[in-house]
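Below: the structure, in structure tokens.
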Amino acid sequence: MHTHGHSRRDFLKQGLYGGAALLVAPSVAPLGCGDGSLSAAAHRRRKAAARVALTTGNDRADMTFRALREFQTEIAAGIGNKTVVIKPNNVSTSVPLCATHADNLEAILEFLKSIGKDRNVLIAESCAGGSTLTGFDNYGYNRVAAKYGARLMDLDQMDFEVVGCLDERDMRPRPTRVSSLLMDPDAYVISTTKPKTHDTVVATLSLKNIVMAAPIKAPVDGTTRSDKRLVHGGGVWAINYNLAALALRLHPHLAVIDGYEGMEGNGPVRGSRVDHRVCVVSPDWLAADRVAIELMGIDFANVGYLNYCAQLGGLGVADLDRIEILGPALAQHIVKYRLADSIESQLRWRQPMRG
């Protein structure tokens, strides 16, 4: 395995309902105790149940590469002989601010090359609207994929499984077609997205990037239908529940949250730019999302689906006191994001649902 001791600047210069089939997100075991002479920092590490890399700077790709390098041994072991699936966030095919940046993808691919895991890599997505492959072209992914020999895939054209999503309007399940690739035990799924506020569930980060891409757009009785709407479940109670329930089978093995710039206000598409200059990476996706929520200045108690994931157990670590930050102090890089105009109605999930 190759290792890479330099930043991205150097390398540029050198050229749900799953039942018994749950896929539990990897997390780091608590660190062992020492001999009583531990420093304060070592004591904090001792009780950590997850590690999250936080980098800052003025070069998006360099920040991503440095954050990934913190976990290079763990990532290489996790990939093994699996297919690597990089899942960007292209909810729209023509709004660059809402989408994963090509430089972020290039940094991930260069990192995979540096650890010898670049030979079987897919970049896969199902855009919420429009042609997925058109979006790839619009955002410059074709060039990056060609440079590293990665394959671009439209999940809408691939195999699917059927799961159930709750609809709160009648409390009945709706059969929902979801990507088989994102649930494949032989796939190592990397979620890469920007931190964005959201018009329905407060914030969208690494988990939601996977879960909302999984339902496909495909013909039914001669008419193309998007099953993504079924995850929404008719309201704020059901969408938060469905996201958490689907997370039991649909979650990333590695979270890459590119906060060089984020989106505030009426995301995930119509929001405004936030100049943040941070990057968050972890093999524990829940810990990564938890740290990103903090960096956005959002009260974690308001994000329903992530709270449900924490309550389910086994999906990752959401307690900041049990997360070791590899990098600068979290408090120094918090930027308070303006929430969506609909935030009051979004928070109804915290109250009992009434008929």
- Query: Residues Gly233, Gly262, Gly267: which one is in contact with a Cys (Cβ under 8 Å, 6 or more places away or on another chain), closer than 13 Å to Thr204 by Cα and among the small types (Gly, Ala, Ser)?
  - Reply: Gly267
- Query: Out of all the residues in the stretch 308-320, is one or more surrounded by fewer than 17 Cβ atoms within 10 Å (Cβ to Cβ) and of a type in the set (Val, Ile, Thr)?
  - Reply: no
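If we scan the stretch 129-142, do we find a residue that is part of a loop (DSSP other than H, G, I, E, B), modelled with pLDDT of 95 or more and more than 22 Å from Thr93 (Cβ to Cβ)?
No, the stretch 129-142 contains no residue that is part of a loop (DSSP other than H, G, I, E, B), modelled with pLDDT of 95 or more and more than 22 Å from Thr93 (Cβ to Cβ).
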- Query: In the stretch 257-292, what residues are among the β-branched types (Val, Ile, Thr) and either assigned to a strand (DSSP E or B) or surrounded by fewer than 24 Cβ atoms within 10 Å (Cβ to Cβ) (or both)?
  - Reply: Ile257, Val269, Val274, Val278, Val280, Val281
- Task: Could you list all residues from the stretch 19-74 that are crowded, with 19+ Cβ neighbours inside 10 Å, farther than 18 Å from Asp258 by Cα and modelled with pLDDT of 95 or more?
- Result: Ala50
- Note on the stretch 304-354: residues in a helix (DSSP H, G or I), small (Gly, Ala, Ser) and within 13 Å of Ala288 (Cα to Cα) are Ala310
- Being at pLDDT 95 or above and surrounded by fewer than 16 Cβ atoms within 10 Å (Cβ to Cβ), is that true of even one residue in the stretch 104-116? yes
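The values are calculated or read from the model by the stated rules, or taken from the named source; none is laboratory data. These figures come from a predicted structure and were not determined experimentally. Quick reminder, even Gly has a Cβ in these numbers, built from the backbone with ideal geometry, and neighbours come from all protein chains shown.
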